[in-house]
Amino acid sequence: MNLINTLNWRYATKKFDPTKKIDPTHLELLKEAVRLSVSSYGLQLYKVLIIEDPKVKELLREASWDQSQITDASHLFVFCSYKQNFNEGVDSYIHLLQEGVDESKKPGIQAYGQSIKENIDSMGESEKQAWSEKQVYLAMNNLLIAAGELKLDACPMEGFEPDKYDEILGLHEQGLHAVLVAPVGFRAADDLAQFRKKVRRSTEELFELI
């Protein structure tokens, strides 16, 4: 199973080679992998910004506790959840579901959309935000696995100041909030993290068959 080899190969890269850039074809594959991610109801109520502008990355590094991965990686993926306009997101999804569908089936799809809205509306604001942010984690996992398959390095990061990211990237105006970031590129030859033993719990400890 190639996936197992990929998962054993990848690690959270701490130092990137700033001279190497991702091939445009590979960048498109990464985007497609994220696009095909699972999400609750299939809604994908998030947006992913891909930062390559060195000046913007410098600003974001300041809001990331001066971690070098932000500027040295080829591209920085910023995963953002929506803070509002959930109903609009549902409507957009329902519209996609209805494309090319027989007219007789559309009322059922509309009813499905209404039930989604009611479920979301029934959540409190904090619950709704937590639910929204969980979708982002699912999407990032696709990015990490796809990057590994392409022999690209990545590092999932929560170590940054989300509010400052929101300000720098103008996310407030879009009803978005930065949740996770992932620098993607190529490991530096002297990144010591790549030589560390991969430690995971044993199968016996982690799983229980009932």
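The values are calculated or read from the model by the stated rules, or taken from the named source; none is laboratory data. Values in this document were obtained by computation on a predicted structure and should not be read as measured data. Every residue, glycine among them, receives a Cβ derived from its backbone with ideal geometry; neighbour counts consider all protein chains shown. Keep in mind that these areas ignore ligands, DNA and RNA; they rest on the heavy atoms of the full protein, side chains included. Shrake-Rupley method; radii C 1.70, N 1.55, O 1.52, S 1.80 Å.
Of note:
- With N as its number of residues, region 1-72 has a Cα radius of gyration that, divided by 2.2 N^0.38 Å, comes to 1.36.
- The trypsin sites (Lys or Arg not before Pro) of region 1-71 that meet both conditions, a loop assignment by DSSP and at most 16 other Cβ atoms within 10 Å of the site Cβ, are LYS20, LYS21.
- Stretch gain in nm, segment GLU173-LYS21, where the contour uses 0.36 nm per residue and the Cα spacing is subtracted: 51.6 nm
- Separation between Cα centres of region 1-61 and region 146-180, rounded to whole Å: 10
- Accessible-area rank, largest first, for VAL179, VAL38, VAL101: VAL38, VAL101, VAL179, with all protein chains present and a 1.4 angstrom probe.
- Rounded to 10°, Cα long-axis angle of helix 24-35 versus longest principal axis of the chain: 40
- Within region 149-210, GluC sites (Glu not before Pro) in DSSP loop having at most 12 other beta-carbon neighbours inside 10 Å: GLU158, GLU208
- In this structure, the pairs whose alpha-carbon distance is over 28 Å, taken from LYS20/LYS128; LYS14/LYS55; LYS31/LYS134; LYS105/LYS128; LYS20/LYS47; LYS20/LYS134, are LYS20/LYS128; LYS105/LYS128; LYS20/LYS134.
- Residues VAL38 and HIS95, FRET efficiency given R0 of 22 Å [Cβ-Cβ distance, rounded to 0.05]: 0.60
- Residue among ILE120, ALA139, VAL199 farthest towards the positive dipole end of the chain, charges placed on Cβ: VAL199
- Note on the chain: Cα Rg divided by 2.2 N^0.38 Å, N the number of residues, gives 1.15.
- DSSP-loop chymotrypsin sites (Phe, Trp or Tyr not before Pro) across region 56-132, with at most 16 other Cβ within 10 angstrom: TRP65
- The heavy atoms of ASP163 present about 100 square angstrom of accessible area, all protein chains included, probe 1.4 Å.
- Rg ratio for region 65-154: its Cα radius of gyration over 2.2 N^0.38 Å, N being its residue count, equals 1.49.
- Dimensions (Å) - region 123-210, Cα atoms, principal axes, largest first: 45, 43, 22
- Convex hull volume per residue in cubic angstrom - Cα atoms of region 14-56: 113
- Accessible carbon and sulfur surface of the chain relative to its total accessible area, %, 1.4 Å: 53
- Accessible area per residue, Å², the chain with all protein chains present, probe 1.4 Å: 59
- Helix 125-149 axis versus longest C-alpha principal axis of the chain: approximately 50°, rounded to the nearest ten.
- Here the average projected area of the convex hull drawn through the C-alpha atoms of region 1-123 stands at 11.5 nm².
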